[in-house]
Each structure stands twice: as structure tokens, then as C-alpha cells.
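The values are calculated or read from the model by the stated rules, or taken from the named source; none is laboratory data. Just so you know, these numbers come straight off a predicted model, no measurement behind them. Here Cβ is always computed from backbone atoms with ideal geometry, including for glycine, and neighbour counts include all displayed protein chains. Keep in mind that these areas ignore ligands, DNA and RNA; they rest on the heavy atoms of the full protein, side chains included. Shrake-Rupley method; radii C 1.70, N 1.55, O 1.52, S 1.80 Å.
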Amino acid sequence: MKINGTHYRSVWLADDGYTVEIFDQTKLPFQVQIIRLHTMQDAAIAIKEMWVRGAPLIGAVAAYGMALAMRQENSDEKLQQAYDILVKTRPTAVNLKWALERSYRILKNTEHALRVETAYRIADEIADEDVELCRKIGEHGLKIIQSVAETKPVGEAVNILTHCNAGWLATVDWGTALAPIYMAHDAGIKLHVWVDETRPRNQGGLTAFELGSHGVPHTLIADNAGGHLMQHGKVDLCMVGTDRTTARGDVCNKIGTYLKALAAKANQVPFYVALPSPTLDVTVWDGVKEIPIEQRSDEEQSHVYGITPEGTRSWVNTAPQGTFCENYAFDVTPAEFITGLITERGICAASEEGLRALFPDLYRQQP
Ligand code: MRU
């Protein structure tokens, strides 16, 4: 996708052919800063500190982290160490483990001298595949937006509410939930997006940055505004991403997604979740009971991050000194609240039957 007319992916190989470049997403939307990752440890810090974030993107960066590790040393010990360090960086999004296992499995069976080039090939493949999966999600999701647009009076925009950032910054390109929105906009459908601020990390700012760069009309709202807007008929549909989707269609996504789904159900607003298949974890059935929910630092809750009128990035404390905070990064929306799942193979019900019909290969791999 484009920033100021230049096409970017959210991760790419630098000119030297081996270091890895990313946007420091902690600086966005205020400052577009590119960071270079030289070592596996750099990649681990980038994921943990959320310089990169979003389920598919952290999977791709982890795969490049394995390649950087192999360049540092191509031994079995280094391979194991890289896997162990990278897999612990963030616990909830399953794409991280999926990418690392894919890379580890192949590299373990590759002779040492070929490990560097193989590791980079795997990382490139994971990145390229993600772009293609997201493009297909966009094409399928576009049909949903088109059908809603047909029900609207002439000249009225389709109003879509989204939570967190499920755009190209969360993937390698296109995005998951935002891919259909970009395609609908490009197809000339009149759209307006309600962008949840998404405290405490304010990923809504990233979504607003992306939509603004693409020319999609949007409005940033407080996380608590969605229910009110739905009650007043101002939301035609919700579209969000997911960090892990279970075998029966429960969806784990950014904290606050569940509340939006409850409000959507109460107000008969369709609630769609977009996911590429690496986000599907068929080893998990009950999302509420089984998915590990990341808890991040209390400082992210007690402070708000922003930019001063002088242009300095700054943290501001909003809580009384010493207030105890908790910071759950994700929640689970049970399948019953989800209208449909938008995948690269089409749209299905959020149920085992729905997912199994589209992904029999993934379900077959289970014992
Ligand atoms: O904590 P983050 O910013 O990594 O969380 C990201 C999300 O929750 C996204 O909605 C999710 O990864 C799906 S978007 C591709």
C-alpha cells in the first residue's frame, strides 16, 4: 500500500540483501521511521516492543528473525535458540508459532551450509503468501460490502465499524479486515469507516493513518461509542481481524472486540471477521478457556502516548500515582456472535462445519 504515493510493504529485505527493514509502528502515525533489523535478537525486540504488530506481520518478521539467526550461526543450537526466543515474544497470535514451526521444521532437515539461503527463502515465501491471502480476503469481503451498498439509498455511504488495526500495517500488505474496504473504495463504492481508537495502544491511529493515506473517508471514535452508533442505525456492518480463530470459530482479537460483537448482536448489525488461514488454530476448540491472553505492562494503561503541539512524542500519565492497572491485550468473541468469517477461500459460518468445509486439509492434519 502507499504512503505519499510510494508503495511499501510492512517488512522487506534491505538493499544489502540480508538485513530486514520495518516501520517502527510505535512512532506512527506521527512519524514514518524505518528501522533496520540486523540480528535475530533485533527481530525479537521488534515483535515484543510492538515496533511491528498484527498477527500476520509478526509471523513474517519472526520468519526473517530465523533467517537472521542462521546468518549469525547455522548450528542446531542456534536454530533451537532462535525458535525459543522468538516464540516467547508474544503469546496470543498463532501466526507467530505457525511461521516459526514452518521455518524450524524445514531448517532442521536442511544441511548447515544451505540453512541461510533456505531460511530467507522461507521468510520470503511467508511474506509473499500473506500478500496473496490478504488480496483474496479482500476480493471475498468486497462482495459483502457490495451487497450492503445495494440496500442503501442512492448516494448514501456504507458505514463500517472496525476495531484495532487490521490493515496493511498488521499484515505484509493489504490487511485482513481492511482489504475488502480498500477494494470497495477502489471499486467506487461510497464508504465511511468508524475507527475505534483501541486503547490502550491506540491502534486506531494506525488505521486512521492507513485509511487517510488511501483516501477512504473515516472518523476516529472512542472505544465506547460503537454501541451508541449501532443503536442509532449508524453502522451497517462491523469488520475486524483476528489473532487466533479456534476449530469451532471462536475469535480472539484485540481487547474490546467482544463488546463490539455483543452490541452488534443486540442491534442486528452483521459482524464479520477476516482471517488468513495461518490464523486458524484447529488445535484449540474453546477460545475463552484455551487461548493465552497476553497481559502487557500497566504503564500502557496508566499513560497515553501522543504528540505535543511542539511536535515532540510524549507519554502522559492519566492515572493517580500508584494506581494498580491491568492491561489485557486481547479478548475472545464466541462464534455465536459472528455473522461470518472471511477467508482466502471464501466466506463461511463461524462454526466447525463452516471452517471444515473450506479447510478440510487443515482439519485432516489433526490426530
Ligand atoms: O496487539 P496487536 O496490535 O498486535 O493486535 C493486533 C490485532 O488485534 C489485529 O486485529 C489482529 O492481529 C488481526 S489483523 C491482521
Have a look at L355, L362, L259 and point out the one that is buried (at least 16 other Cβ atoms within 10 Å of the Cβ) and closer than 22 Å to G205 by Cβ.
-> L259
Are there any pairs, at least 6 apart or on different chains, whose C-beta atoms fall under 6 Å, with the first in region 102-113 and assigned to a loop (DSSP other than H, G, I, E, B) and the second of a type outside the set (D, E) and open to solvent by less than 80 Å² (accessible area, probe 1.4 Å), and if so, which?
-> T110/T118
Considering only region 97-112, state which residues are of a type in the set (S, T, N, Q) and surrounded by fewer than 19 Cβ atoms within 10 Å (Cβ to Cβ).
-> N109, T110
Just one of the numbered conditions (1) among the β-branched types (V, I, T); (2) crowded, with 20+ Cβ neighbours inside 10 Å; (3) away from the ligand (no atom under 16 Å from the Cβ) is not true of I221; which one?
-> (2)
Any idea which residue in region 238-256 is nearest to I338 (Cα to Cα), counting only those that are in a strand (DSSP E or B) and near the ligand (Cβ under 8 Å from one of its atoms)?
-> V240
Would a scan of region 200-208 turn up a residue that is of a type in the set (G, A, S), away from the ligand (no atom under 12 Å from the Cβ) and assigned to a helix (DSSP H, G or I)?
-> yes
Mind checking which pairs have a first residue in region 32-46 that is closer than 14 Å to V11 by Cβ and a second that is among the aromatic types (F, W, Y), Cβ under 7 Å, 6 or more apart or different chains?
-> I34/F23; I35/W51; A43/Y64
